[in-house]
Each structure stands twice: as structure tokens, then as C-alpha cells.
Amino acid sequence: MTKTKLTRQDFTSDQEVRWCPGCGDYAILANMQRVMPELGIPKENIVFVSGIGCASRFPYYMDTYGFHTIHGRAPAVATGLKLSRPELSVWIVTGDGDGLSIGANHLIHLLRRNLDVNVLLFNNRIYGLTKGQYSPTSEVGKITKSTPNGSIDRPIDAVSLALASQATFVARCFDVDAAGLQSLIKAANQHNGTSFIEIYQNCNVFNDKAFAHISDRDVRADKTVWLEAGKPLLFGNNNDKGLVRDANGFSVIDVKSAADLQKVYVHEPRHGDSSYAFQLSQLSYPDFPVPMGILRQVEQPTYENCLQEQVDASIKKNGQGDLQTLLNSGTVWEM
Amino acid sequence: MSDTAIDEKNVNIRFAGDSGDGMQLMGSLFTDSTAISGNDIFNLTDFPAEIRAPAGTIPGVSGYQLRFADHKIQTPGDNTQVLVAMNPAALKANIQNLVSGGILIYNSDSFTARDLKKAKYLENPLETAELLQYRLFGIPMTELTLQAVKNLELTQSAAKKCKNMLALGIIIWLFSKPVKPIEKWIADKFVKQPLSAEANTLALQAGYSYAEVSELFTEQYTVAHANLTHGHYRKVTGNQALALGCVAAAQLANLPLLFSGYPITPASTVLHDLSQYKNYNVKTFQAEDEISAMCATIGAAYGGSLAATITSGPGLDLKSEALGLAIMTELPMVIIVVQRAGPATGMPTKNEQTDLLAALYGRHGESPLPVLAANKPHDCFYSVLEAFRVAIKYMTPVILLSDGYLATGADAWHLPEIKDLPDLAPIFLTKAEDFTPYQRDPISLARPWVKPGTPGLEHRIGGIEKENGSGNISYDPDNHQQMVDLRKNKIDGVLADLPLPEILGKDQGDVLVISWGSTLGAVATAVEQLQTEGAAISAMHLQYLYPLHNGIKFIAKSFKYILIPELNTGQLWKLLRMEFLLDAVPYNKVTGQPFTVTELVAAMRELLAECEKTYDKHQPLR
């Protein structure tokens, strides 16, 4: 059944896509369908699991196995699936409301356990499906239907939360950055452990241009820094700015000479100590470029492997369990 | 034997002491020795709710109750004939259940002013009239224990710890039970700690010899062996049986098991047990919360594992939304609910049957699923197999109800032969022309179970209403009507496999008692007692609470009165009235305690007396 070479078309389901015209989700879907054939995974072994929200409609449009679950619970369903079937390639699609509000607890525990699954969190800083209430990532003062006087909760940063949860692969990208997104999807697939990608995604109906101040072509180079392992943290139109790191944290310098370049911190996502990545994650507009790309990538044992090892060790030690022996264990007497 | 309190057909003994006194071990070993000598057994444990309540206080009292008999028994008994109290708190907490003329054996070394104060006794009860109705045997257990082990290199506290074995030795002698099996147990248990083995054995033997030579007791008792069906037996608690049932179901289905749970009293020990059975292809997952445990169960079922989760009432509330997803996606799994006294935190270690309606109706939308209840500790095993049979055949989540009484209570289980257990192997769909995920088996109405990883059958499922057949999202009005009807008809169809609930007694008469769950033992014992007196009373115990067997209403018509005893405020009573317009009399109790046979007999007598009066079917009793 599996063709030797799959194409984008093989990953496109027969379902009509029903996001609003102009939604950032279209771009994410297109990139996913484009990258999937390159991953070399038979499509029957791929499962998309989602929660509730605009983003969570995603599985219906992928011609793989898919499970559209309930609000916030995709990580929990995916955990059961992955423990049951470690060989499957599991992709969780969630949003800022689904993953950081109602389902934040499951997200934290998924990340700390480090199951080998991939999480795509579409962050549009608004509740779209319920038609425009502020979300846990909305900025303070956000005026929405439920906050006519401006929201008063401070927003949560998804990447910081993931790092605090000891996630082993943490990345961020724009919906409009096709090349960046595709590279992250591939890297996430390669990573053995939970891969977390926050995707800044535009909701053109309820929160249009939420990221335009950093994502628009004319400002992106200046307002973001693309992280590459082993490369200095340079940004700006001609890579003419750099991030310097000292005991006080990061600061921005103009890079005009080789000597300046020497001062610029070299990105190392495999830092064992997550405080570096956390410091990066705290860099924010307008004082700093927003880091995009892979903030952290470290190897840790995966939960499903550890569990399987315990099962295997138990079989090795006690032999494959025999049911009659088990039932007859303890004090058995004859009548 | 001359006294009236001890009936050699049937003895009910209770060991009570501080939670550190080893009462559970003592009780469990005595149970083994009675079982090995051929008695039928039923035991209940009574743990303190607090983890480390102060020693010597009433909240710190741990109790173990054993009933052993020369005939088949179904309850742990209403009251105690023999109480072993290791301290004043244990005495105070348990004396009210000791029958008049009963034997009270106490550790006389632990009735100091300090001990009495901790138990909040203003006066020493041994010096007042309140214990005059019992036969008192004060034994200096601490002193005797210290003497027995004095030649060993033991600390004072380690030496004192052996006093449960001394007390056990005394009881073993009193009931003419063999010492050897206990000595063997000690040797096996302490194989790597020879000093502990020796100390415990010495204490045990010292207790036995003391009882034999001290002339404190004027007689020994012998409970003859019971005439039970030939075969191998073991003692099993309800929770142990649930865990074994899950392992057995996985083996019989030839599937790996994923068992997910979040710690909750009184269900947690099932998760503990299963985590030790990994070599049976069992994976256990302690989730971050009840919702996650339920969702992981759904994920595992979707992945093609045998999937189950366990909880108690508060967890059932939290799982309810995800249960709806399980119903919508029509995946097979079992949700075990070990009920406890509610609402809110309620009384976690106490017993009730108050989650019946929550199990049936505690979800939004039209969301039917099969609900069944276990009725004896060992029945928990078979109930798990039945729950999985239905879950797999009908592709549905199934709720299995147990409760705190079954969870920690133990009875003698006539062990089955594996070959006699049902084959639960599912059929996974691996190939199909024109496959759709919601195509249905024409008879069972089940949709196919397709594992992700199956080439060519890629499909999407989810919680949004499905188009019949294709499984595509549908908001079509007629389709929703059809799907709601289909899901209900599928679950109602489970009835096709179910026999009419068995009737204990004649199929017509004055009173029919209808019960469910853990009250079976007490109800059946009460009904049998009245039947031997000639009363026209019968009993019917329901295994399935949903769907309900239609035959119930026809059977009920052949009786003048229907009595429904439950440990709630009338949930089955409401259900049967709603489903069958059954005009029944409820008998309810919510004290956190199981029914006693005595109170059930009294309630049944009252109703039987009504039948003696001019009987008018159209005049309800209440």
C-alpha cells in the first residue's frame, strides 16, 4: 500500500478546509503537507492528535491517522497512544487557549516526561473559534468581547513555559516563514523526545497583525534573531547587530568589526543548563530581537522507552508472566 | 463448649491495635490458617484515614475483622464475638461491636494512665462496670514478648514489635489452628533477616504456650471445615481481584494492557498491584490528573491496546467529559469506579453506593454506556472480564462499579482454570474495500476497531458529531438524530447477551428484594434466613444497571411488594421506577458502613408483616 515516494497530495485528505480565508493556519498546513513526504515515514504510521480550537481542526485535513479530541486534552490522549504504540509518529496540534489555558497542565507533564512526540502550538493570542475573547498569550490591556475595559492578566510565554517544564526540544517560528517552519518540522521529527514548536500564527479575523510588528518582511530581520547551532547570535538587515551575553544577561551591540563579532554569543541549543535557553526566551520586543528557531535541543531518555525497558527487565527477571501462576499466587489451599 | 456467645459454626474475630502494631499482618496470617484448615472466610480491614495518626489515639486504630465458618458465608458478620485489643484506644473504638458474653482479650501492659489518657478514657474501663458483660482476658503481652526474645540481640522497640505474633499465638491456640503454616510464613518472609525470623517465631510460640499452660482459658474452640466446592482456593480482596482481572483480560484478549490512573482512595491499590505485573505485558501510567488518566485510556484504546482506568467518585466527575469522547469515538475501554462516601471529599475510606446515577447519567448529551457492578470481592475478577467482553464486542467504554467495602474486603475465591475463562480476542480490521470508520456490524452495531499503522485505512475520528458511516463531521439534523439513536440502540443491544437476573428463591411470593453491587452478601444472607423461616420472600441481584433487563418488571409483577435496599438515598429505586414504573419500597442507609444482616432482616420482616394485613396493591406502603 505504501508508495516508495509520497507526495504532498498523499497527505491531503478529501475534507474541505474550513478555516477563514486568510488564516495563518493554511500556511502551516501547506508546509506540513509539503514536508511530510520528506520525512520518510509511511503515512499509516503518522497520527495527528488535536484538542479544540481553530488549530485543532488540523487532523481532518491530513490524510494520515487523526484524532480530534476534547479541549486541552490532546497531550493526554497522545500519551496513551504513544505508550500503547511507541513506533507511531505522533503529532499534537494545539493552540494558545487549548494548550496554555485549559490544557496547560497536560502540556507541562507531557514535556517533563519527554515522550517522543511533536507538539505544534499555534499561537494567535486570541480565542478564535469562540469568536474573539482574549487568550492566555494576549497582551495586557487587550480589548476583546470579554474584556471591554482591557484584559488585566499578564500573558504567558509558551517557550518559557516549555523550558521551565524541562522540554528537550523547544523552538519558535512564524506561520509565514515557510523555510523556517519546514526546517523546524524536520528537526522536530529527528529529535528523540518531545519536540515543542510554538508557531506565531495570524488570526486575520479576530486579532489581525498580532505579530506584524516583528514578522513583516521589512522589520523581521531587525526584530527577530534566527537561532542556528554553533553560529553567533546575529540579526539585522546585514547581520549588523549581535547579542552579547554576560553576567547581567543579554545586550545588543552593533557589529562593525571582527572584534565586535568575537563578542557576539554563539548559540548552543545543546547547553545542558537550560538557563541559557530560558534567558533567550525572555528576550522580547521592542528592546530585543525575538528569538526564532531552536532554543534548546538536548537528549534525554524518552518516557516510552523507559517504560518499555521496565517491562523488558521484568520479563527478563521473572519470565513471561503465566496467568494461572499469577492467579494461584499467595496462600492457596485445597477444599 | 458451654458459652452462648461463641458459636462454633461461625466465629467473628476482630484484631485492633495501633496502626504500627501489625494488626493487618496478624489478621491476614490468622485468616490463612483458618482457610488452610478448611473454613470459609470473609474479612474486612479498617485502616485509619490518617497516615500517621498519633500512636495510642482513636484515629490511629487499625482493625482487621475476620469471620470464619463451617459453612459458606457471604458477609463479614454483623458483630464480633472475639475482640483482641492491643491498647485502650483499640478497645474504645471497637467494643460497641462485641456481643454480650463475647471474649475480650487485651494487652494488660498497655492500660497505663498515659495510654488511657491518649484514648480519652476518664476512668480505666477495666475497673468500671462497662465491661462486665464480656469475658475478659488480660494478658501482659508486651512483657511476655520481651521475655520470649530476651536472649536475642534486639533493641527494646524491635522486640516489642513482635507482640502481634505473641497475640497471634494465643488466638491460634484458642481456635485450635495449626502453628506450622505461620512458622513457615515467617521463615519465608524473613529469609534474609534470620534474627527477625527467630524473634517472630519465638513470640508466636510463646503466645501459643502461654494460652496452653496458663489455664487462663478454660476451653478451646473448633470451627469445623466448610463443605465447599472441591478445588483450589485463595483469599482475594476486591481490589486485588480487579488487578488480576485486568491482567487476565489482557491475556485472554492477547493484547498488551495500558492501565492509567491517578492516586485516589480506595482505588489506588489496583494501580500498585498492576505496576508489579509488568512481565504480563502490562504498562501502568500514573497520570497528572484524573482527566489525563481517562484521556490516556482513550489514546491507548485507539492505539489497539486493552485500556482501562480506575478511580473513585471525585475522579469519575473529572473523567466525565472525556467519557463522552470515548462514547462518541466508540472505542473499547473499561472505567472502574471504586465508590466511596461523597459528595466532595466525603469520607474517602468509608463505603457507599452513591455513584450509580453519576455512572449512568453524569455526562452531558445523550451518552449511554454499559454499567455493571461487582458483588463480592472475588466477583471483581469476573466483572472485569465481563466489562471488557462487552467493551470489545460493542466498541464502547464500560463502567464497572465496585466500592470501598469490596475493595478492602476479602473472601475465599475458588480459583478458575484459565481454559474455562472467556476468549476476549478482538478482531482488528486490517483490510477493507470502501472502508469507512463508522461502518457498523449489522447485529452488534459496533464500528470496526482499526489500529493506526494499518496501511490504506487512514482516517480521522473525533468528538464532533459524525456522519453515519463515513465518520465525517456532520451538523445535519437528521444525521444527529440517527446517530444518537444508533449509539443508544447499540448499548441497549448488549441485553441480547444477558440472561434474566437470577432469582434467589421462588419466582413469585410476598416480597421481592432487588439489590445491586456489594450488598449481595448481606441481602442474600438475610433473605435465606427468612426463607428458612418459611417467608415468601425472594431476591434478585442485578449485575447490569445499564442496560436494564426488561424481565425485571415481569418478575416484579409476581410479588406483592418490592424492597430495594441500597447504601444511598434510593438510586436504583428511582431508576426502576423511571424505567419500569415499578412501585417499590426503598430501604436506604448512608452511614459509610455496609448493611448488617440484622437490619436487613428487620426491614424485610416489616414488609412481610404488611403482606399479612389486608393487601391492596393500589395502596402504596409509603
| query | What is the percent of Cα-Cα separations in chain B that go past 30 Å? | reply | 58 percent
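Determine the sum of side-chain charges near B:Y210: Lys and Arg each +1, Asp and Glu each -1, restricted to other residues whose C-beta is under 14 angstrom from that of B:Y210.
So the surrounding residues net to -3.
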| field | Shape metrics for chain A, restricted to C-alpha atoms - Rg then Dmax, Å | value | 22.3, 93
| remark: Answer in debye to the nearest 20: the dipole magnitude of chain B about its Cα centre, from +1 Lys/Arg and -1 Asp/Glu charges placed on Cβ, is 700 debye
| task | Please work out whether the stretch A:275-320 counts as rounded, prolate or oblate from its C-alpha gyration tensor, where a ≥ b ≥ c are the square roots of the eigenvalues and a/c under 1.5 means rounded, while otherwise a/b larger than b/c means prolate and anything else oblate? | result | prolate
| task | Over the stretch A:8-210, calculate the relative contact order: mean separation of alpha carbon pairs under 8 Å at least 6 apart, over the residue count, as a percent. | result | 21 percent
| query | Where does the charge balance sit around B:Q508 when Lys and Arg score +1, Asp and Glu -1, over other residues with C-beta under 11 Å from its C-beta? | reply | +1
| task | Please list, or write none, the aspartates and glutamates whose alpha carbon is within less than 12 Å of the alpha carbon of B:K574, excluding same-chain residues fewer than 8 places away. | result | B:E566, B:D583
| field | Among beta bridges that DSSP assigns inside the stretch A:135-292, antiparallel share in %, nearest 5 | value | 55 percent
| query | Going toward the positive end of the dipole of chain A, with +1 on Lys and Arg Cβ and -1 on Asp and Glu Cβ, which of A:H267, A:I41, A:I253 do you reach last? | reply | A:I253
| remark: Expected vector for the stretch B:18-35, Karplus 3J(HN,Hα) from phi with 6.51, -1.76, 1.60 and θ = phi - 60°, integer Hz, x for Gly and Pro, equals 6, 4, x, 7, x, 5, 5, 5, 4, x, 5, 5, 5, 4, 4, 5, 6, 5
| What net charge do the residues around B:T80 carry, taking every other residue with its C-beta under 10 Å from that of B:T80, with Lys and Arg at +1 and Asp and Glu at -1? | +1
| note | In the stretch A:8-210, taking the dipole from +1 charges on Lys and Arg beta carbons and -1 charges on Asp and Glu beta carbons about the Cα centre, the listed residue (A:W91, A:G132, A:C23) farthest towards the positive end is A:G132
| remark: Phi-derived 3J(HN,Hα) across the stretch B:70-75 with the Karplus relation (6.51, -1.76, 1.60, θ = phi - 60°), rounded Hz, x for Gly and Pro, is 8, 8, 5, 10, 10, 9
| Relative contact order, percent, the stretch A:60-176 [alpha-carbon distance under 8 Å, six or more residues apart] | 20 percent
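About the Cα centre of the protein assembly as shown, what is the dipole size in debye to 20, counting +1 per Lys and Arg Cβ and -1 per Asp and Glu Cβ, all else neutral? Show your work: numbers first, answer last.
Details: 84 positive and 100 negative charges, 246 e Å.
My answer is approximately 1180 debye.
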| request: Determine the shape class of the protein assembly as shown: with a ≥ b ≥ c the square roots of the Cα gyration tensor eigenvalues, call it rounded for a/c under 1.5, and otherwise prolate if a/b is greater than b/c, oblate otherwise. | output: prolate
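Step through the table entries B:K117/B:K163; B:K184/B:K283; B:K117/B:K192; B:K9/B:K161, compare each Cα-Cα distance with 31 Å, and write down the pairs that go over it.
Flagged as over cut-off: B:K184/B:K283; B:K117/B:K192; B:K9/B:K161.
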| Exposure proxy ranking, count of Cβ atoms within 10 Å, fewest first, for B:L424, B:L500 | B:L500, B:L424
| note | Rounded to the nearest 10 degrees, the helix A:25-35 long axis (Cα) sits at an angle to the longest Cα principal axis of chain A of 60 degrees
| message | Relative contact order for the stretch B:235-420: what percent, with Cα pairs under 8 Å and sequence separation of 6 or more? | response | 28 percent
| note | Here the tail fraction of P(r) beyond 22 Å, over all Cα-Cα pairs of the stretch B:10-213, rounds in percent to 46 percent
| field | In sequence order, calculated HN-Hα J values of the stretch A:183-196 (Karplus, 6.51, -1.76, 1.60; Hz; x Gly/Pro) | value | 5, 5, 4, 5, 5, 4, 4, 5, 5, 9, x, 6, 9, 10
| message | I want the antiparallel fraction of DSSP beta bridges within chain B, as a percent rounded to 5. | response | 35 percent
| task | Please label the shape of the stretch B:175-220 as rounded, prolate or oblate, based on the square roots a ≥ b ≥ c of the eigenvalues of the alpha-carbon gyration tensor (a/c under 1.5 means rounded; beyond that, a/b larger than b/c means prolate, else oblate). | result | oblate
| said: Largest first, please: the extent of the C-alpha atoms of the stretch B:235-420 along each principal axis, to the nearest Å. | reply: 42, 36, 27
| note | Asserting the computed 222 nm helical MRE of chain B (DSSP H runs at least 4 long, -39500 (n - 2.57) per run, divided by residue count, to nearest 500) equals -11000 deg cm²/dmol
| What residue among A:L163, A:L39, A:L295 shows peak mean-square fluctuation when chain A is described by a Gaussian network model with Cα springs under 10 Å? | A:L39
| query | How big is the gap, in Å, between the Cα center of the stretch A:122-191 and the Cα center of the stretch B:1-59? | reply | 59 Å
| note | Taking placed amide H atoms and a strict 5 Å upper bound, the residues 5 or more places from A:Y200 or on another chain that come that close are A:N123, A:C173, A:F174, A:D175
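Need one number: % antiparallel among DSSP beta bridges in chain A, to the nearest 5.
Roughly 35 percent of the DSSP beta bridges within chain A come out antiparallel.
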| message | Tell me which of B:M333, B:S367, B:T349 sits at the most positive position along the dipole axis of the stretch B:235-420, charges placed on C-beta atoms (Lys, Arg +1; Asp, Glu -1). | response | B:M333
| field | Residues whose placed amide H lies under 5 Å from that of B:T222, excluding near-sequence neighbours | value | none
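For the stretch A:8-210, give the magnitude of the charge dipole about the Cα centre (Cβ charges: +1 Lys/Arg, -1 Asp/Glu; no others), in debye to the nearest 20.
360 debye
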| request: Post the alpha-carbon centroid distance, the stretch B:189-212 to the stretch B:265-314, in whole angstrom. | output: 40 Å
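Filter the cross-link list A:K317/B:K278; B:K451/B:K490; B:K235/B:K376; B:K431/B:K466; A:K209/A:K231 down to pairs whose alpha-carbon distance in this structure exceeds 19 Å. It would help to have the intermediate numbers written out before the result.
Working: A:K317/B:K278 11 Å; B:K451/B:K490 22 Å; B:K235/B:K376 12 Å; B:K431/B:K466 22 Å; A:K209/A:K231 30 Å.
The answer is B:K451/B:K490; B:K431/B:K466; A:K209/A:K231.
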| field | For B:A412, residues with placed amide H under 5 Å, excluding near neighbours | value | B:I41
| said: Angle check, please: helix B:571-580 long axis (alpha carbons) against the longest principal axis of chain B (alpha carbons), in degrees 0 to 90, nearest 10. | reply: 30 degrees
| task | Enter the angle in degrees (range 0 to 90, nearest 10) between the Cα long axis of helix B:379-394 and the first principal axis of the Cα atoms of chain B, meaning the one along which they spread out most. | result | 10 degrees
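All of the numbers you see were taken from the coordinates with simple rules; none came from a lab. Computed from a predicted structure; not experimentally measured. Heads up, the Cβs are rebuilt from the backbone with ideal geometry, glycines too, and the neighbour counts pull from every protein chain shown.
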